[in-house]
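Just below is one structure, and these are the notes that go with it.
The values are calculated or read from the model by the stated rules, or taken from the named source; none is laboratory data. In this text the structure is predicted, and so the values were computed from the model without any measurement. All Cβ positions, glycine included, derive from the backbone under ideal geometry; neighbour counts span all protein chains shown.
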Amino acid sequence: MEFKPLITLLAIVNPPAIIPFFIYYTQGFSSAQRRHTVVVASITAFLVIATCALLGIRILEFFGISLASFQVGGGMLLLISALNMLNAKPAEAKPSSNEMEAGAEKAAMGNSIAVVPLRSRCSPARPPCPRW
């Protein structure tokens with residue numbers, strides 16, 4: 001059995017690195033809300049990875065992108081991410097109470113952190129953390 005693809009996937013997804021973000025974004029959630037967030041984020045991650053694994057080559061062919069071009073583009077994104085890590089800036093200050101209230105209002109309206117902020121951590125070209 002070949003373990004290289006699994007090890008590569010785990011190195012890029014880096015599940016332990018998501019834990020601090022989960023703890024931060026779910027402050028004040030009940031245990032039921034946290035459980036729901038974990039389930040939605042896990043299902044989303046599985047569906048994205050399974051879709052890419054099963055249909056990835058067909059999707060690239062549909063758009064006329066060669067696998068070599070995709071690999072070069074992915075390598076460039078990893079390089080940019082690595083350079084951004086080298087040029088790290090000091091940690092931001094704690095969000096103000098206005099930002100926390102705005103985030104609570106969004107959550108009350110039905111917005112979920114389960115898909116975008118938590119699952120975006122698995123992308124090598126992930127966007128910066130949203131400020132709620």
> Do the conditions hold for Q33, that is, is it farther than 28 Å from A102 by Cβ and either among the acidic types (D, E) or more than 18 Å from the chain's Cα centre (by Cα) (or both)?
Replying inline: no
>> Please go through segment 16-37 and give me each residue that is assigned to a helix (DSSP H, G or I), without any contact (Cβ under 8 Å) to a residue 24 or more places away in the chain and among the small types (G, A, S), ordered by number.
In response: S31, A32
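Hey, among I59, I49, which residue is in contact (Cβ under 8 Å) with a residue 40 or more places away in the chain, surrounded by 10 or more Cβ atoms within 10 Å (Cβ to Cβ) and either assigned to a helix (DSSP H, G or I) or not aliphatic (A, V, I, L, M) (or both)? Working first, answer last.
Details: I59 fails: in contact (Cβ under 8 Å) with a residue 40 or more places away in the chain.
After applying the criteria, what remains is I49.
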> For segment 17-58, which residues satisfy the criterion of being under 24 Å from G74 (Cα atoms), touching a helix residue (DSSP H, G or I) at 6+ places or on another chain (Cβ under 8 Å) and among the aliphatic types (A, V, I, L, M)?
Replying inline: A17, I18, A41, A45, V48, I49, I57
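Table: residues versus (1) assigned to a helix (DSSP H, G or I); (2) at pLDDT 85 or above; (3) surrounded by fewer than 11 Cβ atoms within 10 Å (Cβ to Cβ); (4) hydrophobic (A, V, I, L, M, F, W, C).
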{"site": "F70", "(1), (2), (3), (4)": "yes, yes, no, yes"}
{"site": "L78", "(1), (2), (3), (4)": "yes, yes, no, yes"}
{"site": "K94", "(1), (2), (3), (4)": "no, no, yes, no"}
{"site": "G103", "(1), (2), (3), (4)": "yes, no, no, no"}
{"site": "I113", "(1), (2), (3), (4)": "no, no, no, yes"}
{"site": "P117", "(1), (2), (3), (4)": "yes, no, no, no"}
>> Looking at the structure I just gave you, is A50 closer than 19 Å to I18 by Cβ, touching a Lys or Arg at 6+ places or on another chain (Cβ under 7 Å), of a type in the set (A, V, I, L, M) and at pLDDT below 90?
In response: no
